[in-house]
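A short worksheet on the structure shown next.
The values are calculated or read from the model by the stated rules, or taken from the named source; none is laboratory data. Everything numeric here is computed off the predicted structure, so don't read it as measured data. Cβ coordinates were reconstructed from backbone atoms using ideal geometry, including for glycine residues, and neighbour counts include every protein chain displayed.
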Amino acid sequence: MAVNGDGDRPRRDGERRQEGSRWHWWAILALAAAALALGAAGFSRYYALQGEARSGWHILYVTLQLFTLESGPVPGPVPWELNAARFLAPIVPAWAVVRTLLLLFGARLRLLRVRRLRDHTVVCGLGRKGRELVRDFHALGERVVVLERDGGCENLALCRSLGVPAILGNAADLRSLQAAAAERARHLIAVTGDDGTNVAIAVLAYRLAREKREPREGPVNAWVQVVDLRLATLLERHRMLTEAADRFAARVFNPYESSARLALRDHPLDREWLGPRDPRSVRLIVVGFGQMGECLTLQAARQGAYANGRPIRITVVDRDAERKEHLFRERYPDFGRIGALDFIAGEAADPALLAEIQRLATLPGELTTLAICFDDDSRSLSCALDILPRLREARIPLLVRMSDAVGLATLLECEGEQCGWAAAVHPFGMVDGVCNRDTLLHERLDTLARALHETYVGHRLAQGAAPDKPSLRPWDRLDEAYRESNRQAADQIAVKLRALRCTTAPAGSRGAPVDRFADEEVEILARMEHARWCAERLLAGWTAGQASLEKRTTPHIVGWDDLDEPTREIDRELVREIPRVVRRVGDQVYRQE
């Protein structure tokens with residue numbers, strides 16, 4: 001097992017470190033030359049003062065002996081040059097030996113130093129996502145350790161430039177995790193390119209933390225990248241995600257889900273006011289139904305409960321539409337209860353298909369957004385350029401999936417007449433936008449979600465519910481599935497506020513804030529919350545029946561009009577607290593002018 005001193009700041013930091021290393025050797029050579037010159041001059045003067053004639057070879061010989069402390073005693077007056085050389089010369093070999101030992105054994109010394117770390121961040125996997133995470137955590141002052149099995153990984157140079165230790169070894173090996181002091185870490189992030197490896201890392205870290213971490217230290221917070229939605233669902237039921245998190249708290253991290261979440265937060269489908277009586281429907285057209293397209297579809301369905309009660313309409317365009325539709329409906333058999341979903345087969349560049357996309361995008365009575373979700377930047381941009389001329393008059397938002405903020409994504413930065421585009425084009429899904437500390441830890445979102453959970457718990461306990469129910473546990477001991485449910489509710493706060501023509505802004509930045517909603521507004525928002533909750537449960541595989549966590553059945557997956565009054569009141573109480581909830585993150589609710 002080897003250790004590199006690795007990390008990732010801008011290139012100039014790495015060059016600075018390399019220059020520093022070269023400077024040490026040049027300094028040693030300069031010191032040796034100075035000692036040699038002073039020694040030769042000093043011995044020449046000394047022998048002249050003593051009246052002794054010595055050859056140049058003899059003077060060179062005794063001067064070289066100064067470096068090994070073997071030049072012998074020098075009786076009588078000693079010239080200052082010789083005295084200076086006697087002190088300088090031994091420093092040269094000593095310095096060279098120390099530098100050589102550091103080169104030979106520096107990796108082991110760094111490994112020992114890593115083993116003493118505590119409350120650091122361990123990043124497993126140094127691909128594009130790992131690179132961005134290392135860069136961001138390090139820039140924010142976090143101590144970072146990297147685990148990477150490929151000694152030829154180009155991003156190791158990034159680690160060297162930052163001075164971030166990189167342990168070369170298999171992160172799914174117990175010895176590697178112990179070498180990185182994973183049991184004492186604050187964060188552990190598994191972002192290798194393989195879901196199975198990431199899960200194996202999490203399971204080993206879970207066992208390591210349970211054996212060696214003290215509860216008083218708090219849990220190791222682990223993020224496990226799993227892009228296979230079926231595997232993610234299975235993992236979410238594992239005990240390391242569902243049991244009390246006193247030593248280890250794991251969370252599934254899907255970069256595609258995070259990208260979809262951010263895309264719909266920054267570019268909401270209900271971009272115009274949709275009041276309770278608005279006759280329009282919201283439509284999302286997804287071109288390319290890979291992992292990104294599927295996650296965007298699911299997130300739109302989770303958030304697509306609008307004040308007018310009209311179900312969201314989603315159209316998927318894909319060359320393999322028939323097979324993908326079959327697989328999707330098999331995984332989500334109740335999707336039709338949430339919204340209308342249609343699949344269209346064909347190549348995105350086909351003129352007939354482009355004409356059909358144009359027809360759907362410009363249907364009257366619909367608020368439409370178009371998202372191009374190919375996993376190839378060039379193909380996404382090419383498709384966007386094919387579609388844009390057909391939407392010149394429609395001016396609908398066009399989301400274009402891009403992998404990086406540089407390269408082709410920069411071509412989308414200009415707007416309107418500068419590019420000759422009539423539609424608003426927005427790149428999304430860039431790695432640096434998802435793989436950063438804020439997005440991964442989503443502390444702001446968790447603050448909102450925690451406040452919503454506390455509101456729910458308080459109301460349920462007031463109704464006489466048993467405090468030992470899994471859904472009523474304190475946030476720090478709550479199952480990850482319930483936490484995610486609260487995050488989804490927090491995500492939809494913005495949708496609810498837009499339905500009332502409200503928004504959030506930093507406290508004190510506008511006029512009088514909204515501290516409470518009118519009763520009729522509460523009723524609108526409560527209906528939206530219940531519809532959102534039903535969509536979330538249906539997508540998670542819940543069905544109607546007697547309440548059972550094991551069977552994933554609940555009697556509450558019904559329409560608002562069929563819901564019992566105590567359950568309605570839970571939703572009302574939840575939305576009444578929205579002004580108080582947003583104050584937790586320093587915001588307030590304001591009416592839009």
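In region 71-84, is there at least one residue being under 60 Å from the mean Cα position of the chain (by Cα), under 20 Å from Trp25 (Cα atoms), surrounded by 13 or more Cβ atoms within 10 Å (Cβ to Cβ) and not hydroxyl-bearing (Ser, Thr, Tyr)? For region 71-84, residues under 60 Å from the mean Cα position of the chain (by Cα), under 20 Å from Trp25 (Cα atoms), surrounded by 13 or more Cβ atoms within 10 Å (Cβ to Cβ) and not hydroxyl-bearing (Ser, Thr, Tyr): absent.
Out of Glu520, Glu565, Glu550, I need the residue that is within 14 Å of Lys496 (Cα to Cα) and exposed (fewer than 13 other Cβ atoms within 10 Å of the Cβ). Which one?
Glu520
Take region 278-299 and flag every residue that is under 19 Å from Leu381 (Cα atoms), surrounded by fewer than 22 Cβ atoms within 10 Å (Cβ to Cβ) and either among the charged types (D, E, K, R) or touching a helix residue (DSSP H, G or I) at 6+ places or on another chain (Cβ under 7 Å) (or both). If the condition is that a residue be under 19 Å from Leu381 (Cα atoms), surrounded by fewer than 22 Cβ atoms within 10 Å (Cβ to Cβ) and either among the charged types (D, E, K, R) or touching a helix residue (DSSP H, G or I) at 6+ places or on another chain (Cβ under 7 Å) (or both), then Gln291 is the only one that fits.
Of all residues in region 188-199, those that are assigned by TED's automatic domain parsing to the domain that holds Phe137 have Cβ atoms under 6 Å from Cβ atoms of residues that are part of a helix (DSSP H, G or I) and of a type in the set (D, E, K, R), 6 or more apart or on another chain, in Val191/Lys129. Pairs linking a residue in region 472-484 that is of a type in the set (Lys, Arg) to a residue that is assigned to a helix (DSSP H, G or I) and modelled with pLDDT of 85 or more, with Cβ atoms under 7 Å and 6 or more positions apart or on different chains, are Arg483/Ala449.
Of the helices (runs of 4 or more DSSP H) lying entirely inside region 227-311, the ones with 3 or more residues being among the hydrophobic types (A, V, I, L, M, F, W, C) are found at 229-235, 255-266, 291-303. Only one entry of Trp223, Trp273 meets the criterion of being closer than 29 Å to Ile493 by Cβ, aromatic (Phe, Trp, Tyr) and under 19 Å from the mean Cα position of the chain (by Cα), and that entry is Trp223.
Scan region 472-500 for residues that are assigned to a helix (DSSP H, G or I) and either among the aliphatic types (A, V, I, L, M) or in contact with a Pro (Cβ under 8 Å, 6 or more places away or on another chain) (or both) and the total you get is 11.
From the set of residues in region 179-188 that are in contact with a helix residue (DSSP H, G or I) (Cβ under 7 Å, 6 or more places away or on another chain) and part of a helix (DSSP H, G or I), which is surrounded by the most Cβ atoms within 10 Å (Cβ to Cβ)?
Ala182
Can you find a residue that is touching a residue at least 40 places away in the same chain (Cβ under 8 Å), in the same structural domain as Leu111 (by TED's automatic domain parsing), farther than 22 Å from Leu112 by Cα and in contact with a strand residue (DSSP E or B) (Cβ under 9 Å, 6 or more places away or on another chain) anywhere in region 151-165? Yes, region 151-165 contains at least one residue that is touching a residue at least 40 places away in the same chain (Cβ under 8 Å), in the same structural domain as Leu111 (by TED's automatic domain parsing), farther than 22 Å from Leu112 by Cα and in contact with a strand residue (DSSP E or B) (Cβ under 9 Å, 6 or more places away or on another chain).
Pairs are defined by a Cβ separation below 6 Å, a sequence spacing of at least 6 or placement on different chains, a first member in region 442-459 that is touching a residue at least 40 places away in the same chain (Cβ under 8 Å), and a second member that is surrounded by fewer than 21 Cβ atoms within 10 Å (Cβ to Cβ) and acidic (Asp, Glu); the pairs so defined are Thr455/Glu577; His459/Glu573.
Elements of the type helices (runs of 4 or more DSSP H) sitting completely within region 1-94 and holding at least 1 residues that are of a type in the set (Ser, Thr, Tyr), modelled with pLDDT of 85 or more and outside the structural domain of Asp136 (by TED's automatic domain parsing): these cover 11-50, 56-65. Tyr332 falls short of the stated requirement of being of a type in the set (Phe, Trp, Tyr) and touching a strand residue (DSSP E or B) at 6+ places or on another chain (Cβ under 7 Å). Residue pairs whose Cβ atoms lie under 6 Å apart, sitting 6 or more positions apart in sequence or on different chains, and linking a residue in region 570-581 that is in contact (Cβ under 8 Å) with a residue 40 or more places away in the chain to a partner that is hydroxyl-bearing (Ser, Thr, Tyr), are Leu574/Thr455; Glu577/Thr455. Criterion applied to Asp173, Asp195 was being acidic (Asp, Glu) and either out of contact with any helix residue (DSSP H, G or I) (no Cβ under 7 Å at 6 or more places or on another chain) or modelled with pLDDT under 90 (or both), and the one residue passing it is Asp173. Within region 349-365, residues that are within 13 Å of Arg283 (Cβ to Cβ) reach partners that are modelled with pLDDT of 95 or more and exposed (fewer than 13 other Cβ atoms within 10 Å of the Cβ) with beta carbons closer than 7 Å, at six or more positions or on different chains, in the pairs Gly365/Pro279.
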